[in-house]
1. It is to be established whether one or more residues within the stretch 61-79 are surrounded by fewer than 17 Cβ atoms within 10 Å (Cβ to Cβ), in contact (Cβ under 8 Å) with a residue 60 or more places away in the chain, outside the structural domain of PHE406 (by TED's automatic domain parsing) and polar (S, T, N, Q).
2. Report yes if LYS43 is crowded, with 17+ Cβ neighbours inside 10 Å and charged (D, E, K, R), otherwise no.
3. I need a count of the residues in the stretch 661-696 that are surrounded by 18 or more Cβ atoms within 10 Å (Cβ to Cβ) and in contact with a Ser or Thr (Cβ under 7 Å, 6 or more places away or on another chain).
4. Here are LEU518, LEU546: which of them is more than 30 Å from THR738 (Cα to Cα), within 26 Å of the chain's Cα centre (by Cα), surrounded by 16 or more Cβ atoms within 10 Å (Cβ to Cβ) and touching a residue at least 12 places away in the same chain (Cβ under 8 Å)?
5. Being closer than 21 Å to PHE660 by Cβ and either hydrophobic (A, V, I, L, M, F, W, C) or modelled with pLDDT of 85 or more (or both) narrows it down to one of ALA544, ALA577, ALA550, so name that one.
6. Can you tell me which condition THR467 does not meet? The list is (1) touching a residue at least 60 places away in the same chain (Cβ under 8 Å); (2) closer than 25 Å to GLN161 by Cβ, and all the others hold.
7. Looking for something in a helix (DSSP H, G or I) and under 15 Å from PRO377 (Cβ atoms) - is there at least one such residue anywhere in the stretch 487-507?
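The values are calculated or read from the model by the stated rules, or taken from the named source; none is laboratory data. Since the structure is predicted, the reported quantities are computational estimates derived from the model, not experimental observations. Cβ coordinates were reconstructed from backbone atoms using ideal geometry, including for glycine residues, and neighbour counts include every protein chain displayed.
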Amino acid sequence: MGPKKQKQEEWNECLKCNRVIHKRDIPQHTEDCNAVHGFVLDKVLHAQICAPSSHTKDALSKISLQNQEGVVLVNVSVMGLCDLAIGQPCLVNNHHVLTSWPSDSVSPTGVLLPSVLRDIIAGPSGDKDTTPVTVRRFFPPANSEAQQVEVELEWEHEAFQTEEFRQVLKHKMEGRFITKGMKQTIQYFGHRCTFCVTEIQRLQLPVYRLNSSTSSSPSSRTDPSQLSQSLASLDISGVSDSGDSLNSSVLSSPSRQSGSVRPAEACSSPLPTVTTPVGSQWPQQFCTPVLDRNLQDDKDCAEFVKVVSQTQFVIRRECSEEEDREKRQKKITFNSIGGLDAQITKIRDYCHLLLQHSKQSSTAVQMMPQGILLFGPTGTGKSLLAQATASELDIYTTHISPVDIFSKFLGETEKRLRSAFEAAHQRSPSLIIIDNIDVLCPRKDSNSSDLEKRTLNTFLSLMDSVTKKSSKELCIVIGITSKADVLDTTLRRASRFGMEIETGVPTVADRFQILKKLLQDVPHTVSDSDLKSIADSAHGYVGADLAGVASKARQHLWERTQDAGTPLTTADLKQAASLVKPSAMREVQFEVPKVKWSDIGGQEEVKLKLRQAVEWPITHPEAFERMGIKPPCGCLMYGPPGCSKTMIAKALATESGLNFLAVKGPELFGKYVGESERAVREIFRKARSAAPSIIFFDEIDSLAVERGKSSGGSNVADRVLTQLLTEMDGVVELKGVTIVAATNRPDMIDKALLRPGRFDRILYVPLPDAATRREILQIVARKTPMAPDVSLEVLVTRTQGFSGAELTALCHEAGLGAITESREARDVHMRHFQSAFNTIRPQTTQEVIKFYEDYSSNSGLQLV
């Protein structure tokens, strides 16, 4: 039995640079001492910011929510190397004092900082997950307390100039250490306030002198200069205690002569001989680190002062005329919003009416509900409209977010809600903006928690109290949600949210207005006609998507020219539009192949009917309106396998430029009751939100089996078919969505699905005739080089009864034969096709062809 393997040290000290390296970084550090990784040097941890994870959230859950903002999570193994203790203050980047807390979920060479501090350290454009930071022990300076602290706000708001805000600021900062130039961020009634410490006045503590009776006379007092000279000449080298007879080297901690970092030139000097344990895998460059318990230098800590109960905060307001002008220009107004003219008119008139009546009559105000609900898909400008309303009204505004309201302590959530409303009432007329109100007040059911029920009841009572206040306490409440159906029905009562304004997916004209507003402050050379063309092709894009297009275009311009002054061009916008997907389509992971009509041989009649159903209603809508014709709702293609049905759908998606959702029948079925129907509803919901769009059902015969013929006791196929029928032609009109389906078993599809109004066009895609086969072979010959002895007419004659897929397979098999014959082959000869005919044979029999012909003549359907 061999010797027991010795346990490897987790941390090892490099003898070249005196850095303490974690064992996982030793291979990288062996090659280069300046390699980028974390390390410990002179009890200072040089680490990287870690990204939050579920494990770190579990570690933070043990700390109160109020204290989490001042805690830094450090790995347990590194705390001893840096003389850090649990709950002890530490210095981050020599500028921020936090409380150290151990956690095994953090990397040994990483730290987890509060999100606000991560943003401050990394900056707006920095990578918050790779930013280097330093952490060291903090030594609180003695008798250093702040008397007055002057701060400068990054963003000014009326709420930040009140005495209540100063008291909240003092309460949140009490007990913390600050220094000049430090940035901090706090939350105040939904507002994020970032400030910088500009001036600090220290608290002057009284100095007490103790005089003994024996030295009360002036003659008996000792001169301080004489005392210092006496202490300097004092020699204690010969003084020792009996207990100090042991060698001093035994009692002292082993350490090297110098603890400073050796210069880079010293790395080339020969290394001292170090004895390493048997079986150690580390080279002789490393040894076990020696812990030195001597205190660190605390000169960097002297600049910090502690905020105490006596500390007063002063908010400095220095703003030049140019800065005021810039802030006014950056202020969001109704004129800076495009595509929401009708919504702007409604909310402006309603708010002005409330303000006008509040000055004249309290009865009129009490009769009018003061709640406005903004709802619509994500990214359509609801929050932007609310911010513009606050700017236009120019009254006190407070923002409420469910994240800042909810608390795990009993009664704290209701208290925060009441405080926000009371603060708004005290500063009336005022405006309250509630973002994601569906999270704050979801529909009450049996599964609702006690917290949700209490929060909803509190909010309902507060909304009722808004209308009962006198005219002098006018308070307008704007709720924002993208899920209006999730809201509790009692909240949408006329006396609470009396006006509901929907912001839908913008039309072509709305998209043009949005793009004009986005580019009005950007130098560009884009004409109105080009902008209209981009707006026409941006099907299903909402305002946020178009803002992303403008941002991507500026990014593409910078990468192309490296000059910020170059004007934006149409090509930049088109390039950006090809990279940004509509919000409604981002959940659909489907890439449309670049297949064009020219890639499909023949089938001209089928192509024309699909263009009539899909492209014409978009390119020529005035013709349909003039003739009073409703565009076809759906097209069903059926025929033998391999006749380009799916390929035609791909070409339709590419040529039309519409949003395309491809659905395979079997993937909609789920094992839980109701899951399959929900999947069908979700497909149509996405298509409606991204309209105009196309839904392509491949192999629809597996999804729409004739009712009563499905196997299984659950009848899931019947329920899915019923849901599909309802979505295609139910009470809610399917506007802007075209259904295209393909099948080779039309006899299995339920007849209710094939009636006009659902599938208006039923197209038979037969086997290719001689002309179609010639076109398919010519298309294949574009990519596959043919020798002069290859005759397309001979191939067309010999491929009678071949489908399009079999023709393509024949050409591929011939090309493979040429490569098998010679790896240097340049052309495909006729002999290769002769060999391919022995392998590839037509699979469609005469019985199958007769079945499709009989179905076309005997089904009684309106076939095209």
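1. Yes, the conditions are met somewhere in the stretch 61-79.
2. Considered against the rule, which asks whether it is crowded, with 17+ Cβ neighbours inside 10 Å and charged (D, E, K, R), LYS43 comes out as yes.
3. 5
4. After applying the criteria, what remains is LEU518.
5. None of the others qualify; the one that does is ALA577.
6. (2)
7. Checked the stretch 487-507: no residue is in a helix (DSSP H, G or I) and under 15 Å from PRO377 (Cβ atoms).
Yes or no, residue by residue, for (1) in a helix (DSSP H, G or I); (2) at pLDDT 85 or above:
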position: CYS635; (1), (2): no, yes
position: PRO641; (1), (2): no, yes
position: THR646; (1), (2): yes, no
position: LYS650; (1), (2): yes, no
position: LEU661; (1), (2): no, no
position: LYS671; (1), (2): no, no
